[in-house]
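The values are calculated or read from the model by the stated rules, or taken from the named source; none is laboratory data. Values in this document were obtained by computation on a predicted structure and should not be read as measured data. Here the Cβ positions follow ideal geometry from the backbone for every residue, glycine too, while neighbour counts run over all protein chains shown.
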Amino acid sequence: MIRLIEASRKQNLLETDMDLKTDKMIGEKRSGVGHLIFNNPEKRNATSLEMWQAAKVALDDFSEDPDVKCLVVSGAGDKSFVAGADISEFEKSRSDANAAAEYARISSEGKEALKNFPKPSISMIQGYCLGGGMEVALSTDFRICSEDSQLGIPAARLSIAYSFDAIRRLCSLVGPSSAKDILITARRIKAPEALRIGLVNQVTTLAGLEGEVAEYTQAILENAPLSMQASKLTVDEILKNPADRNLVAIEEIGKTCFNSKDYREGRTAFMEKRKPVFTGE
């Protein structure tokens, strides 16, 4: 994917190229879209502590920037979307129980920032999407992959118990039977099957991957931000246990939508038979 990313940089004027204190994570803003790029292709984009620290910084910035309407997560290189944790740094970052706890705290902040990102998010997947990469992909709203992609969770081959939250998200996409299949067999799911069972939203050619994602983001950019935020919040709350659902937040954002300038713009544009121009206000 690095060649595609470099080509895209030449074709698009970057509004912002963020300083994330590491070259292994890239944050960019291009024409209303925040791009988070895991940039460790020599290790198939295995994640390190500094990468998760940088991810949180970028995601917090994207979240607070009203000009950023959606997020695209991708991996550099042509082999892998995102791999799991970089084991080579464990001697330093997980040398004992205290260090391991600190590693878990910092990395979880980055992961939570992605899972709770308030705007529409897309994983652009090429190549392998396994283990920790699947957790990243499951944390976004949509997954679009190239036809050569393979997805899977090899936890059963490592005697690892996958987290409750990740399995809950997996079940919400593919159902309990397919979730058990993926987890218990630890097999790799090829792109056509991933599409059939609902693990990904779209499959396209490698050459067409960036174009497909660009078309998807363009559709998002044309819609009302408050309405999309309300829809995302409501679906996410439905997936929670009933006792944990924030129905007040759903009611409040519903009122915000109806009292917004965008609601008036939507009505006016419909009557005038033109495309609405939404501002998120």
Candidates A137, A161, filtered to the one that is part of a loop (DSSP other than H, G, I, E, B), of a type in the set (A, V, I, L, M, F, W, C) and within 19 Å of A85 (Cα to Cα): A161
Residue within region 74-89 that is within 30 Å of E210 (Cβ to Cβ), surrounded by fewer than 20 Cβ atoms within 10 Å (Cβ to Cβ), modelled with pLDDT of 85 or more and of a type outside the set (S, T, N, Q) present: yes
Leading residue by the ranking (farthest from K79 (Cα to Cα)) among those in region 116-134 that are outside any loop (DSSP other than H, G, I, E, B), touching a residue at least 60 places away in the same chain (Cβ under 8 Å) and in contact with an Asp or Glu (Cβ under 8 Å, 6 or more places away or on another chain): I122
Output for region 34-62, where each listed residue is touching a strand residue (DSSP E or B) at 6+ places or on another chain (Cβ under 6 Å) and more than 16 Å from D19 (Cα to Cα): R44, N45, T47
Verdict on V203 being under 20 Å from A113 (Cβ atoms), aliphatic (A, V, I, L, M), outside the structural domain of I238 (by TED's automatic domain parsing) and surrounded by 15 or more Cβ atoms within 10 Å (Cβ to Cβ): no
Selection count, region 209-227, where residues are in contact (Cβ under 8 Å) with a residue 24 or more places away in the chain and either among the hydroxyl-bearing types (S, T, Y) or over 26 Å from C257 (Cβ atoms) (or both): 7
Among (1) farther than 27 Å from E281 by Cβ; (2) modelled with pLDDT under 80, the one test that S48 misses: (2)
Of all residues making up region 57-67, the number that are surrounded by fewer than 21 Cβ atoms within 10 Å (Cβ to Cβ) and touching a helix residue (DSSP H, G or I) at 6+ places or on another chain (Cβ under 6 Å): 0
Extreme residue, nearest to E237 (Cα to Cα), among residues of region 249-280 that are exposed (fewer than 11 other Cβ atoms within 10 Å of the Cβ) and among the acidic types (D, E): E251
Test for R143: is it free of Cβ contacts under 8 Å to residues at least 60 places away in the same chain, of a type in the set (D, E, K, R) and either touching a helix residue (DSSP H, G or I) at 6+ places or on another chain (Cβ under 9 Å) or outside the structural domain of E42 (by TED's automatic domain parsing) (or both): yes
Whichever residue in region 174-198 is in contact with a Leu (Cβ under 6 Å, 6 or more places away or on another chain) and not small (G, A, S) and, among such residues, is nearest to S139 (Cα to Cα): V174
Among residues of region 140-158, those that are assigned to a loop (DSSP other than H, G, I, E, B), under 26 Å from A224 (Cα atoms) and not acidic (D, E), counted: 1
Qualifying residues in region 122-159 (those that are more than 13 Å from the chain's Cα centre (by Cα) and hydroxyl-bearing (S, T, Y)) - the one surrounded by the fewest Cβ atoms within 10 Å (Cβ to Cβ): S159
Qualifying residue in region 102-112 (condition: in a helix (DSSP H, G or I), in contact (Cβ under 8 Å) with a residue 60 or more places away in the chain and of a type outside the set (F, W, Y)): yes
Within region 26-44, tally of residues that are more than 15 Å from the chain's Cα centre (by Cα), crowded, with 20+ Cβ neighbours inside 10 Å and in contact (Cβ under 8 Å) with a residue 60 or more places away in the chain: 1
Residue identified as in a helix (DSSP H, G or I), touching a strand residue (DSSP E or B) at 6+ places or on another chain (Cβ under 7 Å) and not aromatic (F, W, Y) among I182, I167: I182
